[in-house]
Amino acid sequence: MNPTIEFPTIEYATLAPLLLVFGAAILGVLVEAFAPRYLRKSFQVPLTLLSLIGAFALVIVQVVRGDLPTAPVAMGALAIDGPTLFIWGVILVLSAVCVLLINDEGHFVASAASVPGSADEEGAERAGHEHTEVYPLALFAVGGMLMFPAANDLLTMFVGLEVMSLPLYLLCGLARRRRLLSQEASMKYFLLGAFSSAFFLYGAAMVYGYAGTVSFAGISQAMAQGALLDPLLLLGFSLLGVGLLFKIGAAPFQAWKPDVYQGAPTPITALMASGTLVSAVGALLRVFWVGLGNLDWNWRPVLWVVAALTMMVGAVIAITQTDIKRMLAYSSIAHAGFLLVGVLATYDTGAGNAVSLQAILFYLLVYGVATVGAFAIVTLVRDPGGEANHLSRWAGLGKRAPILSGVFAFFLLAFAGIPLTSGFFGKYALFTAAIGSGQEAGDSLGAWMTGLVVVGVIASAIAAFFYVRVIVLMFFNEPAADGPAIAVPSTGTVTVITLSLLVTVGVGVFPEPVLQLANTAASSLFIR
């Protein structure tokens with residue numbers, strides 16, 4: 001009897017956005033290998049932008065046609081459902097605008113292999129060399145960001161995690177100024193990221209030992225039929241949680257974020273603060289809601305403590321920061337805590353979970369857009385040695401550059417959740433979903449969820465203090481005689497800031513269309 005061979009089935013049309021990004025990244029590597037140095041950037045920039053825009057267009061086509069798959073694709077490896085497509089669209093938009101920032105000159109070192117301050121580095125700068133490898137590296141990172149939240153099993157998710165992380169480790173060490181700080185950030189991110197990946201992989205092995213499968217549907221089915229207090233399962237989900245919580249910067253796994261954000265080139269910081277967070281939250285939802293949904297009474301108390309701690313750590317420690325990028329890093333930590341409130345807002349009914357997922361998707365979009373806009377403005381405030389990141393250098397900036405300072409102040413108000421900004425409706429949606437889930441579950445859990453929302457409101461009030469402190473510093477202090485210069489923004493930077501401002505204002509005034517889009521996406525989450 002001849003054995004039959006099952007040939008793999010690949011839904012190329014459904015996977016087209018992902019394949020386009022990876023294909024462009026591979027083509028970018030070939031450009032680096034064969035194109036003359038002086039022609040590489042002229043190839044890389046259009047290739048990168050067109051691939052991201054094309055991938056976004058393919059996502060829109062799938063949404064408009066409404067032909068979403070009703071089951072996982074690629075032999076069950078990837079789940080391309082409504083939330084996946086929404087997250088893909090957000091990541092692609094944020095990545096495209098970050099590429100416009102990357103395209104600006106002066107952010108990346110001329111020769112990363114040279115010792116900082118050496119004659120080789122100075123010679124590379126005089127020769128006008130550029131590291132155009134950043135474009136295919138960024139595309140590989142974006143491809144990993146797309147793959148990570150779409151994974152339908154733990155091994156595919158691990159591959160997505162590594163494809164996303166490895167290029168970012170390199171990109172963090174390529175800052176043109178403050179080279180040693182940049183290299184330190186790269187090394188810290190690499191070492192701590194490797195530890196978190198090891199935790200994730202070991203957790204996946206433990207869960208496989210319990211369930212006999214790494215697919216989320218199989219894990220969920222094994223838990224429905226087996227013991228929920230099995231040591232392999234509990235150890236496995238704990239280790240998985242460590243790996244995922246590290247990626248979103250949740251406390252107590254947040255220590256890498258401020259150092260990495262501060263040392264990395266600011267366009268890469270913007271990409272990590274927006275795209276990586278969106279991707280990691282999507283993966284967290286896939287694991288905790290789909291794979292470990294039957295274990296919610298075990299992970300809820302732990303995640304409650306992590307969410308409360310993350311919000312308070314991010315808000316309180318941000319007050320003490322004197323570097324604008326470190327302050328925004330701690331702000332990002334606090335926002336990760338707010339998103340965990342949404343992850344905890346699980347209902348007994350699918351319709352209720354759609355409400356929570358809608359709030360999370362909406363928050364990811366509005367926070368990511370405002371974050372990219374804020375970091376774009378940071379790139380324009382310059383000292384002779386590079387960006388003027390110390391807060392004292394921002395004193396009186398509102399009198400020297402009122403429009404730029406006003407836009408930055410608006411982004412800070414959006415982070416604080418002030419009404420008529422997109423951030424207000426983002427927090428309102430998350431907190432409303434959390435209270436609603438608690439009320440449906442009963443008195444005990446309702447009190448816990450209400451208490452978590454109270455912690456979130458307190459953290460928001462604390463965060464508003466340090467946001468307003470920066471605004472007061474810019475508009476109510478006198479500028480120093482040797483204050484920082486405002487760089488003439490490129491067309492790309494102007495485009496990034498303008499789009500970010502329009503979305504932050506527009507969604508703050510008219511949130512309903514985006515909320516409806518997020519609700520439509522949330523209603524088609526694959527549970528099996």
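Filter the range 76-96 down to residues that are closer than 28 Å to A370 by Cβ and of a type in the set (G, A, S) and give me whichever is farthest from the chain's Cα centre (by Cα).
G82
Which is of a type in the set (D, E, K, R), buried (at least 23 other Cβ atoms within 10 Å of the Cβ) and touching a residue at least 24 places away in the same chain (Cβ under 8 Å), of R300, R326, R286?
R286
Which residue is modelled with the lowest pLDDT, if the candidates are limited to the range 165-202 and must be under 16 Å from W256 (Cβ atoms) and assigned to a loop (DSSP other than H, G, I, E, B)?
Among those that are under 16 Å from W256 (Cβ atoms) and assigned to a loop (DSSP other than H, G, I, E, B), it is G173.
Somewhere in the range 238-256, is a residue among the hydroxyl-bearing types (S, T, Y), touching a residue at least 12 places away in the same chain (Cβ under 8 Å) and surrounded by fewer than 23 Cβ atoms within 10 Å (Cβ to Cβ)?
Yes: the range 238-256 contains one or more residues that are among the hydroxyl-bearing types (S, T, Y), touching a residue at least 12 places away in the same chain (Cβ under 8 Å) and surrounded by fewer than 23 Cβ atoms within 10 Å (Cβ to Cβ).
Has the range 355-376 got at least one residue that is more than 22 Å from the chain's Cα centre (by Cα) and modelled with pLDDT of 90 or more?
So far as the range 355-376 goes, no, none of its residues is more than 22 Å from the chain's Cα centre (by Cα) and modelled with pLDDT of 90 or more.
With the structure loaded, tell me whether L181 is surrounded by fewer than 23 Cβ atoms within 10 Å (Cβ to Cβ) and hydrophobic (A, V, I, L, M, F, W, C) or whether it fails that test.
yes
Can you name every one of the helices (runs of 4 or more DSSP H) wholly within the range 208-313 that holds 2 or more residues which are touching a Pro at 6+ places or on another chain (Cβ under 6 Å)?
Per the criteria, 277-285.
Considering only the range 387-503, give the helices (runs of 4 or more DSSP H) lying wholly within it that have at least 3 residues that are more than 24 Å from V514 (Cβ to Cβ) and more than 29 Å from the chain's Cα centre (by Cα).
Helices (runs of 4 or more DSSP H) meeting the threshold: 397-400, 422-441, 443-475.
Anything in the range 32-53 that is without any contact (Cβ under 8 Å) to a residue 40 or more places away in the chain and touching a helix residue (DSSP H, G or I) at 6+ places or on another chain (Cβ under 9 Å)? List them, or say none.
Within the range 32-53, A35, L39, F43, L50 qualify.
For residues that are under 20 Å from F148 (Cβ atoms) and more than 24 Å from the chain's Cα centre (by Cα), tally how many sit in the range 6-28. Before you say what the answer is, go through the steps one by one.
Step one: filter the range 6-28 for residues under 20 Å from F148 (Cβ atoms), giving 10-11, 14-26.
From what is left, the residues that are more than 24 Å from the chain's Cα centre (by Cα) are 10-11.
Here the count works out to 2.
Run down V73, V31, V61 and say which single residue is over 26 Å from the mean Cα position of the chain (by Cα) and either basic (K, R) or over 11 Å from L139 (Cα atoms) (or both).
None of the other options fit; the residue is V31.
Would you point out which residue out of T70, T48, T84 is assigned to a loop (DSSP other than H, G, I, E, B) and either under 21 Å from V31 (Cα atoms) or among the β-branched types (V, I, T) (or both)?
When all the criteria are applied, what remains is T70.
The values are calculated or read from the model by the stated rules, or taken from the named source; none is laboratory data. Note that the structure is a prediction, hence the values are computed from the model and not measured. Don't worry about glycine lacking a Cβ; one is built from the backbone with ideal geometry, like all the others, and counts go over all protein chains shown.
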